[in-house]
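Chemist: So that we are looking at the same thing, I have put the structure below in structure tokens.
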Amino acid sequence: MRNLVSVVERIDPITVSGRVAAVNGLLIEARGGLTRLSVGARVEIERRADSPLAAEVVGFRETRALLMPFGPVEGVAPGATIRINSDGAVVRPTRAWLGRIVDSFGNPIDGKGPLPQGPAAYPLRASPPAAHARGRVGERLDLGVRSMNVFTTCCRGQRLGVFAGSGVGKSVLLSMLAKQADCDAVVVGLIGERGREVREFIEETLGEEGLRRAIVVVATSDEPALKRRQAAYMTMALAEFLRDQDLEVLCMMDSVTRFAMAQREIGLAAGEPPTTKGYTPTVFTELPKLLERAGPGPIRPDGTTAGPVTAIFTVLVDGDDHNEPIADAVRGILDGHIVMERAIAERGRFPAINVLKSISRTMPGCQTPPEREVVKMARQTLSAYANMEELIRIGAYRAGADPEVDRAIQLNPALEEFLRQDKDEATSLEDSFEGLARILIGEAA
């Protein structure tokens, strides 16, 4: 009954419509009914012999509204009726959504039947909580991955970026975190993912165990830019709902780069000037608005704090260039970055994380003094080996020339084995630090 009442309350007694004036590529120009339109408003466009086409207002040009569709423009004719959708871009989730797979509109795509609708409406494009009205990061979070637990220790409510090229193992790392991280719920956004890989990720990589406590949002690479962008907003809205249920949420998005590419397509179609590598100014405006929505929960009027949203955002670096515009912008917004390198993956060590280039900005404050000393010693040893790696490989280094390098060569096999981890293997925070300490004092085999 409550669902029926909420639907009735959302009915707008005034019907306002417009007409299609022109279609230019993916951009539809509308005339009439502009008094009820604003940027971000949703409309439906009548099509010949087909269902209405959903679209969004992305700008205005003199007396015309500029619309971008959520689907193919085939069937849209001059003068076609445009109806304004007064409901706006909102989602009404419940806890029953856990274990389900939805599209960018919140519709189920897993064949398990309809989803129940909750009483509260969450806007897809909500503003981040005010800086002074949200809590601080909490205690450290056990991610289950040794290399991250030790070298990029993460706190609850922290936001980390995973920077890597294609085919380096980002999706497998995300599945490890989804199954092993110490949290109550997981929201996974697959933005612009290859259609072939979606079922593989959900059924094999994520698995039934990981899906049980997760909501997966999917928008494949063949879908329109608006749907790919909206999938990112949907991911954050669902994480905010679970946060408000006082759950500790892990939000993972793969990838922020494809969100930026979708925003670039929208901006260019609306007439924005391109800047670096064709990215439009709104790309760099929308990125912080999206990423800042994750983090510690807001403080309620009664003094309690909502659950934290710990976020892992992947960044697909273009041509393995970690200084390209999107990677550079995201790195400056987040609370740390994890660098995955192709060279490490090529020699068979997964996850292919370069721990020397990876940073967590909550360190070293979230570690005990003995743990900080262990991490410091490990970094020094790994750095000594990395500096002489080429000479060691070609046999040009003479044993005894540098005691620190000699020790690094001796410990390197054990350290490499410590950093290597199977996707179904989990290691706790305490065991991660203890295992690394044993290696550094020579107790490991």
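The values are calculated or read from the model by the stated rules, or taken from the named source; none is laboratory data. Remember, predicted model here, so these are calculated numbers, not experimental data. Every residue, glycine among them, receives a Cβ derived from its backbone with ideal geometry; neighbour counts consider all protein chains shown. Accessible surface areas use protein heavy atoms only, side chains included; no ligands, DNA or RNA. Shrake-Rupley method; radii C 1.70, N 1.55, O 1.52, S 1.80 Å.
Chemist: Cβ-Cβ under 7 Å, sequence separation 6+ or interchain: first residue in region 308-325 and closer than 14 Å to PHE259 by Cβ and open to solvent by 10 Å² or more (accessible area, probe 1.4 Å), partner part of a loop (DSSP other than H, G, I, E, B) and modelled with pLDDT of 90 or more. Which pairs?
Modeler: PRO325/TYR279
Chemist: Which ones in region 58-75 are open to solvent by 30 Å² or more (accessible area, probe 1.4 Å) and either on the phi > 0 side of the Ramachandran plot or not in a strand (DSSP E or B) (or both)?
Modeler: Within region 58-75, GLU62, THR63, PRO72, VAL73, GLU74, GLY75 qualify.
Let's see how each residue does on (1) more than 25 Å from PHE201 (Cα to Cα); (2) within 21 Å of the chain's Cα centre (by Cα):
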{"site": "PRO119", "(1), (2)": "yes, no"}
{"site": "ARG125", "(1), (2)": "yes, yes"}
{"site": "PRO129", "(1), (2)": "yes, yes"}
{"site": "GLY144", "(1), (2)": "no, yes"}
{"site": "GLY161", "(1), (2)": "no, yes"}
{"site": "VAL172", "(1), (2)": "no, yes"}
{"site": "LEU177", "(1), (2)": "no, yes"}
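Chemist: Only one of ALA133, ALA121, ALA126, ALA89 is touching a residue at least 24 places away in the same chain (Cβ under 8 Å), within 29 Å of GLU29 (Cα to Cα) and out of contact with any Phe, Trp or Tyr (no Cβ under 8 Å at 6 or more places or on another chain); which?
Modeler: Answer to the selection: ALA126.
Chemist: State all residues of region 159-179 that are open to solvent by 10 Å² or more (accessible area, probe 1.4 Å) and not in a helix (DSSP H, G or I); if no residue qualifies, say none.
Modeler: Scanning region 159-179 gives ARG159, SER166, GLY167, GLY169.
Chemist: Just name the residue that is farthest from GLU223 (Cα to Cα) out of those in region 44-57 that are aliphatic (A, V, I, L, M) and either open to solvent by 30 Å² or more (accessible area, probe 1.4 Å) or at pLDDT below 90 (or both).
Modeler: Only one residue fits best here, namely ALA49.
Chemist: Next question. If you scan region 429-445, which residues turn out to be open to solvent by less than 70 Å² (accessible area, probe 1.4 Å), at pLDDT below 95 and not hydrophobic (A, V, I, L, M, F, W, C)?
Modeler: The one that is open to solvent by less than 70 Å² (accessible area, probe 1.4 Å), at pLDDT below 95 and not hydrophobic (A, V, I, L, M, F, W, C): GLY442.
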